[in-house]
Amino acid sequence: QTKALRIAAAADLQPVLPAFVANFEKSSGTHAEVSYASSATLATQILNGAPYDLFLAANLAFPQKIVDASLAVEPSPVPYAQGSLVLWARRGVLPQSLTMQSLTDPSVHRIAVADPIHAPYGAAAMAAIQSLGLKTALQPKLVFAENIAQAAQFGQSGNADCALISKTIAITPTMRQAGRFVPVPVTAYPPIRQGAVILRNAPDKQAAENFLSYLQSPAGRNLLLSSGLEPPTQ
Amino acid sequence: MPDLPISIAANAPWLSAHIEHHFQRDRAGFTLHLDFTASAQRTVVFGPSGSGKSSLLRAIAGLLQPDVASIQLHGTVVCQNMRGRQQRFFLAPEKRRVGLVMQNPAVFPHLTAARNVAFALHGTEKSAQKEKTIRLLQLVEADTLADRWPRELSGGQLQRVAIARTLAAEPSVLLLDEPFAALDAQSRQTISQNVHAWARERQVPVLTVTHNLEEAFAAGEEVLTMEEGRILAQGTPEQVLFEQREQLLQMLHATPSPGSVDNLRGK
Amino acid sequence: MPDLPISIAANAPWLSAHIEHHFQRDRAGFTLHLDFTASAQRTVVFGPSGSGKSSLLRAIAGLLQPDVASIQLHGTVVCQNMRGRQQRFFLAPEKRRVGLVMQNPAVFPHLTAARNVAFALHGTEKSAQKEKTIRLLQLVEADTLADRWPRELSGGQLQRVAIARTLAAEPSVLLLDEPFAALDAQSRQTISQNVHAWARERQVPVLTVTHNLEEAFAAGEEVLTMEEGRILAQGTPEQVLFEQREQLLQMLHATPSPGSVDNLRGK
Amino acid sequence: MDTVALLLTLRLALVTTAILLVLAVPLAYWLAFTRSRWKTLIQAVCSLPIVLPPTVLGFYLLVGLGPSTAFGRAITHVLGHPLAFSFAGLVVGSVLYSLPFAVQPLTSGFAAVDRSLLDAATTLGSGRWDRMARVVLPLSRGSLLTAGVLSFAHTVGEFGVVLMIGGNLPGATRTLSIALYDQVQDFQYAQANRTALFLLAICLLALMFLYSRGQRRDSRSSDLA
Amino acid sequence: MDTVALLLTLRLALVTTAILLVLAVPLAYWLAFTRSRWKTLIQAVCSLPIVLPPTVLGFYLLVGLGPSTAFGRAITHVLGHPLAFSFAGLVVGSVLYSLPFAVQPLTSGFAAVDRSLLDAATTLGSGRWDRMARVVLPLSRGSLLTAGVLSFAHTVGEFGVVLMIGGNLPGATRTLSIALYDQVQDFQYAQANRTALFLLAICLLALMFLYSRGQRRDSRSSDLA
Ligand SMILES: Nc1ncnc2c1ncn2[C@@H]1O[C@H](COP(=O)(O)OP(=O)(O)OP(=O)(O)O)[C@@H](O)[C@H]1O
Ligand SMILES: Nc1ncnc2c1ncn2[C@@H]1O[C@H](COP(=O)(O)OP(=O)(O)OP(=O)(O)O)[C@@H](O)[C@H]1O
Ligand SMILES: [Mg+2]
Ligand SMILES: [Mg+2]
């Protein structure tokens, strides 16, 4: 039985990772299998013995839980990327300008965000709304999705007019076709630092380390950039 | 209906039936082929098991839709489906006002005896309903069973409830398929008399299927005998059942007279 | 069993029954209270509707577990549950080898007639099964119906299948609850004779519930009459049924002789 | 305990079950007695909603009821707002998703009713719908109970469809199942345990009440199994 | 089409349905005929699994079968690996989650069988289990079909439990429903549509086949409804 590298990846990496994995497999010869779910689900599974080698989360808090449970190799989560939040508007909505302030426009009925409690981009979105002083104005318009992918679907299917989503999703062809996006000012929300841990029980820690270093290599960073993720700021 | 043998008698026939039906299941199959009229107030159908008696009743009631048929009740066509004729007609069974007591009593298991009887009285006034139900249960000697569930009734009791239930619907024709088969001679006689009195009062003709000679003699003004899906003979009981009666008499005379009655071990 | 009235006769009783049971449903309720033995090869139970005949049969077969009972079949206790006694015993009905033809034929709707008969032959060799099934269907004059589904059978045909099915299980006691009620006089006579010949050959005693006088005279060596859950009388048919016979004879003689047979409208 | 979510859940489950029974009874009656060639096709189609994962079904509903389809636009026009993110939308989703649990047991229950009882009712002057109301339905009590219980319980636990078209709005579309899901996702295990236990307890009581009332009283009982 | 996921799904649904029927038939038989005081309680408990959202049920299974409980450790010790994240774990989860859909229709179907037929079988020497096999089961064909179809279809569409205790591992626990969910999440709508259509089509065919074979032939048919 050929052992493959098993990667547990946060759902927001779904548009990003496939290209990565293909390149990695070509260069290293190691086969990698990726399981996507929300970071919270993956963390719960790992805490209960899931057989993954590498956990790529959407923030630092969930991998920290793994570290706290002494299930990680590293003493703290390794930041591998930083996400950015964008404001996406469906085609035909707010035709002129597009800023966070324009969300108060009466033509915007529904704004989709991810769950602020367990989805990192949801927390960032709420922080941005709060810091820009829009909370009371926007509160009645918000609808909450389980994760950012779903928040994007709310917008893409036309049930919400705007959505606060990750750049990784906003630059996918589907979302580009359905609307346009502008970045949310980075000062408006705390940085979304995505962290990774290698799991103590991983049968092939070397492969996991290789993948993680590939993510952090110049080639990897370029790939990340092209799919909407910044390199991590220390 | 020029092709139906309507007898131009003093009392016009209440039933005129031409029925052809083939049950397809078997290679052999079974074919019902009947053509007759009935005008007596009481008619009895006699015939061996499997000769088509129940099927005849089901066809009249509309539960069986024959391949070819022309059936009139009280002069009204209820089923018309003759070979080579374009126009077809089938009156839904629930609209025929035919009372049918089936061989299997089919008492509703989810209703008490009284509510089984009241089934057809649905929609009429409550107190009238109640009164009528009691009267009908009395007629079949089952008034003490009003509140029983069917599972708490004996075979004969079920049959009696089924009879009362049918009368409650005020049918204009009464078809009884071995209605008293599970009753002892005495109840049979009383209840049969009650039912026929009920029918006579309302001028409702009664067609009874029976295997019981006594019943045929008591209830029948006219007897119809069937065999293999066809009608063998039609006439008065004395004409049609002569032979059977002789056999029965012979048998009863052949058994010896009783010994001393002290022999009886009573309890 | 010193408290059971076992008659020390030439032929020992095949059934000795003490049964007390109260159906709780009604304020009035119904109480079965029986204490008797049966030793004849053919016994007939006679009694009005609702007198407890079927309940008696169900208790013997084990389908009804009486409040108080002591029942022996062929000298073996199958149910022992007497007041004030500690030790209780109830032999499961499927182990009693009691053949019961119920009032309602209860033919399995998911099996053909032949497979209904073969139900009790499960596990025995296929060809022997087939042969026995055919022989039993012939015995009830239903061999042509072997491949029919129950829904394609008439009332009397179902009853005949039920009889054959019961015989197939090779019971050591045969209980028939109005088994021929849906049969015409002639089939009734033939099939009744066949069944009794079958039983005599195997020395299987037969207990028949019937409302039919002719049957009682033909089949019964001993007659038991019941009323309201109790045994009224036990004796030979002539002793017990004297009165009923006289009534029937009177009635048959009272009806006039037939007119000329030309009157018959044959078909 | 999130009382708002609890009440919303119960309301959703009750409304859904009621609508389902109203829809499923005539449909199952037709399926049980028809001889139409379409019967098996329609029966199969009625079972399909549960073949799709609930979130996927929810996704298609989201698209189908949204402004990108003519149907969605028409509904939005009539209601003044889109069906998604509203209680009505949840009801539509739940009804569709639980349809098989109502139709399927009812169909097999209706088909098992003794035909001779229907024949008897007919000759007593009882028409098609009257027979359904007064003979078929009461005799299918067990199947009705099954259909009701499965629909109700499934709607209470329903999650994917609701999550997808609900938008998790407190008081409007945030059901207890979603609240519970959120608690588990947030690692609030103590609270999740309380919520789950509470949910199980009230459902257990409701089910026991239903089952104890649903006993049959209508068959001649020998003491056999 | 993800053939690996499809085959896994079919295998999971078949195994689950088979196990469910084997478990549910005796359980439902007991429930249908017992007079035990525990009957309603047990019947209610059997319906509870669907009251919890599937992911939450999956979470409790994950914890219960995992290294934090003695039971989980024992199983891990016996099997050599934890039950979660394996095909066997999926089967356990699916069986538990679909239990109500098998038990409930079977119980009401069994209870509806005419008692006089059971009496007849008994006097013919047929014991408790023989009666079940040769009388009750064949006469409850409709309910068996219902139980099988609901269990099967529900397992095919099942998602929350599988995601939680399965871990989305290709070839081992990644079922078609999860693959489909992933495709939708990943905006691969064209591929998702194809997968969904394909899933619906094979299920439609399978269901139509089952339904057309499940027709009753055993009641005296007047042409009535
Ligand atoms: N669906 C069917 N397929 C084939 N044959 C059938 C079907 N229904 C009835 N028959 C046959 O038609 C004949 C007439 O049946 P019917 O029930 O009318 O008889 P019957 O005269 O009432 O008999 P019994 O006195 O035994 O009740 C029987 O031989 C029966 O086997
Ligand atoms: N569960 C029950 N609850 C109350 N009464 C019952 C119950 N079962 C039977 N009975 C009553 O017991 C009496 C005897 O019933 P049984 O069936 O033994 O009568 P039977 O002699 O066979 O009558 P028939 O000739 O009408 O079949 C009847 O009066 C019936 O109403
Ligand atoms: Mg008949
Ligand atoms: Mg009786």
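The values are calculated or read from the model by the stated rules, or taken from the named source; none is laboratory data. These numbers come from a predicted model, not from an experiment. Cβ sites come from the backbone with ideal geometry, for glycine too, and all protein chains shown count toward neighbours.
Which one of these does B:Ala216 not meet: (1) more than 16 Å from ligand 3 (Cβ to nearest atom); (2) at negative phi; (3) surrounded by fewer than 24 Cβ atoms within 10 Å (Cβ to Cβ)?
Just one mismatch for B:Ala216, condition (1).
Take the residues of segment A:179-192 that are touching a helix residue (DSSP H, G or I) at 6+ places or on another chain (Cβ under 7 Å) and in a loop (DSSP other than H, G, I, E, B): which is surrounded by the fewest Cβ atoms within 10 Å (Cβ to Cβ)?
Restricting to residues being touching a helix residue (DSSP H, G or I) at 6+ places or on another chain (Cβ under 7 Å) and in a loop (DSSP other than H, G, I, E, B), the top hit is A:Pro190.
Tell me, please, whether a residue that is within 16 Å of ligand 3 (Cβ to nearest atom), within 24 Å of C:Leu56 (Cα to Cα), free of Cβ contacts under 8 Å to residues at least 40 places away in the same chain and part of a helix (DSSP H, G or I) can be found in segment C:177-189.
Yes, segment C:177-189 contains a residue that is within 16 Å of ligand 3 (Cβ to nearest atom), within 24 Å of C:Leu56 (Cα to Cα), free of Cβ contacts under 8 Å to residues at least 40 places away in the same chain and part of a helix (DSSP H, G or I).
Could you say whether any residue in segment B:58-67 is over 30 Å from C:Thr190 (Cα atoms), surrounded by fewer than 21 Cβ atoms within 10 Å (Cβ to Cβ), more than 14 Å from chain C (Cβ to nearest Cβ) and touching a residue at least 12 places away in the same chain (Cβ under 8 Å)?
yes
Identify the residue in segment E:194-215 that is more than 9 Å from every other protein chain (Cβ to nearest Cβ) and more than 14 Å from E:Ala5 (Cβ to Cβ) and, among all such residues, is farthest from the chain's Cα centre (by Cα).
Ranking the candidates gives E:Leu197 first.
Looking at (1) over 15 Å from B:Leu175 (Cα atoms); (2) within 12 Å of ligand 1 (Cβ to nearest atom), which one does B:Phe46 not meet, given that it meets all the others?
Only one criterion in (1) over 15 Å from B:Leu175 (Cα atoms); (2) within 12 Å of ligand 1 (Cβ to nearest atom) is unmet by B:Phe46, namely (1).
Go through segment B:27-49 and give me each residue that's assigned to a loop (DSSP other than H, G, I, E, B) and either within 16 Å of ligand 4 (Cβ to nearest atom) or over 16 Å from the mean Cα position of the chain (by Cα) (or both).
Correct list: B:Arg27, B:Ala28, B:Gly29.
Name the residue that is nearest to A:Ile192 (Cα to Cα), counting only residues in segment A:1-32 that are out of contact with any His (no Cβ under 8 Å at 6 or more places or on another chain) and of a type in the set (Val, Ile, Thr).
It comes out as A:Val16.
Surrounded by fewer than 21 Cβ atoms within 10 Å (Cβ to Cβ), part of a loop (DSSP other than H, G, I, E, B) and small (Gly, Ala, Ser): which single residue out of D:Ala172, D:Ala206, D:Ala201 fits that description?
D:Ala172
Of all helices (runs of 4 or more DSSP H) completely enclosed by segment E:1-114, which ones contain at least 3 residues that are under 25 Å from D:Cys203 (Cβ atoms) and not aromatic (Phe, Trp, Tyr)? Steps first, please.
Numbers: elements: E:3-33, E:39-47, E:54-65, E:70-79, E:87-111.
By residue number, E:3-33, E:39-47, E:54-65, E:87-111.
Within segment B:176-225, count every residue that is away from chain C (no Cβ under 11 Å) and either in contact with a Leu (Cβ under 8 Å, 6 or more places away or on another chain) or within 14 Å of ligand 1 (Cβ to nearest atom) (or both).
Going through segment B:176-225 one residue at a time, the tally reaches 11.
Condition check ((1) more than 8 Å from every other protein chain (Cβ to nearest Cβ); (2) within 15 Å of ligand 1 (Cβ to nearest atom); (3) at pLDDT below 95; (4) surrounded by fewer than 21 Cβ atoms within 10 Å (Cβ to Cβ)) across all residues:
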position	(1), (2), (3), (4)
C:Phe108	no, no, no, no
C:His122	no, no, yes, yes
C:Lys126	yes, no, yes, yes
C:Lys130	yes, no, yes, yes
C:Asp143	yes, yes, yes, yes
C:Glu152	no, yes, yes, yes
C:Val161	yes, yes, no, no
C:Arg165	no, no, no, no
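Failed condition for C:Gln86, given (1) more than 8 Å from every other protein chain (Cβ to nearest Cβ); (2) buried (at least 23 other Cβ atoms within 10 Å of the Cβ); (3) away from ligand 1 (no atom under 16 Å from the Cβ), with all others met?
The number of the failed condition is (2).
Would you check which residues across segment D:133-169 are facing chain E (nearest Cβ under 8 Å), buried (at least 24 other Cβ atoms within 10 Å of the Cβ) and part of a helix (DSSP H, G or I) and list them?
D:Gly142, D:Ser143, D:Thr146, D:Val149, D:Leu150, D:Ala153, D:His154, D:Val156, D:Gly157, D:Gly160
Hey, could you check segment B:143-166 for residues that are more than 8 Å from ligand 2 (Cβ to nearest atom) and small (Gly, Ala, Ser) and say which is farthest from B:Thr43 (Cα to Cα)?
Filtering segment B:143-166 for residues that are more than 8 Å from ligand 2 (Cβ to nearest atom) and small (Gly, Ala, Ser), the one farthest from B:Thr43 (Cα to Cα) comes out as B:Ala146.
Restricting attention to segment B:207-235, report how many residues are outside any helix (DSSP H, G or I) and farther than 24 Å from B:His33 by Cβ.
Total meeting the criteria: 2.
Among the candidates B:Thr112, B:Thr76, B:Thr31, which residue alone is surrounded by fewer than 23 Cβ atoms within 10 Å (Cβ to Cβ) and within 16 Å of ligand 2 (Cβ to nearest atom)?
B:Thr112
Can you find a residue that is touching a Pro at 6+ places or on another chain (Cβ under 6 Å) and of a type in the set (D, E, K, R) anywhere in segment D:68-79?
Yes, some residue in segment D:68-79 is touching a Pro at 6+ places or on another chain (Cβ under 6 Å) and of a type in the set (D, E, K, R).
Please work out which residue is nearest to A:Ser38 (Cα to Cα), limiting yourself to segment D:170-190 and to residues that are within 11 Å of chain A (Cβ to nearest Cβ) and β-branched (Val, Ile, Thr).
Result: D:Val184.
Does segment C:167-175 contain any residue that is within 16 Å of ligand 2 (Cβ to nearest atom) and either more than 11 Å from chain B (Cβ to nearest Cβ) or not in a loop (DSSP other than H, G, I, E, B) (or both)? Walk me through how you get there before you give the answer.
Just the residues of segment C:167-175 that are within 16 Å of ligand 2 (Cβ to nearest atom), to begin with: C:175.
Right, trim to either more than 11 Å from chain B (Cβ to nearest Cβ) or not in a loop (DSSP other than H, G, I, E, B) (or both) and you get C:175.
Looking for residues that are within 16 Å of ligand 2 (Cβ to nearest atom) and either more than 11 Å from chain B (Cβ to nearest Cβ) or not in a loop (DSSP other than H, G, I, E, B) (or both), one finds at least one in segment C:167-175, hence yes.
Can you report the number of residues in segment D:133-187 which are out of contact with any Leu (no Cβ under 9 Å at 6 or more places or on another chain) and among the aliphatic types (A, V, I, L, M)?
Residues that pass the stated criteria total 3.
Enumerate the helices (runs of 4 or more DSSP H) found wholly within segment A:122-178, keeping only those where 3 or more residues are within 11 Å of chain D (Cβ to nearest Cβ).
A:148-156
Within segment A:29-72, track down each residue that is within 11 Å of chain E (Cβ to nearest Cβ), under 22 Å from A:Ser213 (Cα atoms) and of a type in the set (S, T, N, Q).
A:Ser35
Just give me the residues in segment B:245-267 being buried (at least 18 other Cβ atoms within 10 Å of the Cβ) and either acidic (Asp, Glu) or at pLDDT 60 or above (or both), in sequence order.
If the condition is that a residue be buried (at least 18 other Cβ atoms within 10 Å of the Cβ) and either acidic (Asp, Glu) or at pLDDT 60 or above (or both), then B:Arg245, B:Leu248 are the ones that fit.
Can you run down the residue pairs with Cβ atoms below 8 Å, 6 or more apart or on separate chains, where the first is in segment D:178-195 and under 18 Å from D:His154 (Cβ atoms) and the partner is aromatic (Phe, Trp, Tyr)?
D:Ile178/D:Phe159; D:Tyr181/D:Phe159
Output the residue which, of all residues in segment E:20-67 that are of a type in the set (S, T, N, Q) and surrounded by fewer than 23 Cβ atoms within 10 Å (Cβ to Cβ), is nearest to E:Thr173 (Cα to Cα). Don't jump to the end; show me each part of the working.
So in segment E:20-67, the residues of a type in the set (S, T, N, Q) come out as E:34, E:36, E:40, E:43, E:47, E:55.
After this cut, where a residue has to be surrounded by fewer than 23 Cβ atoms within 10 Å (Cβ to Cβ) as well, the list is E:34, E:36, E:40.
Numbers: E:Thr34: 39, E:Ser36: 40, E:Thr40: 35 Å.
Here the answer is E:Thr40.
Just the residues that are aliphatic (A, V, I, L, M) and in a helix (DSSP H, G or I), please, taken from segment A:193-209.
Residues satisfying the conditions are A:Ala207, A:Ala208.
Within segment E:115-132, how many residues turn out to be over 26 Å from the mean Cα position of the chain (by Cα) and either at the interface with chain D (Cβ under 7 Å from one of its Cβ atoms) or closer than 30 Å to E:His154 by Cα (or both)? Before the answer, list the steps.
Going through segment E:115-132, the residues over 26 Å from the mean Cα position of the chain (by Cα) turn out to be E:115-127.
Then drop every residue that is not either at the interface with chain D (Cβ under 7 Å from one of its Cβ atoms) or closer than 30 Å to E:His154 by Cα (or both), which leaves E:115-116, E:118-119, E:122.
Count: 5.
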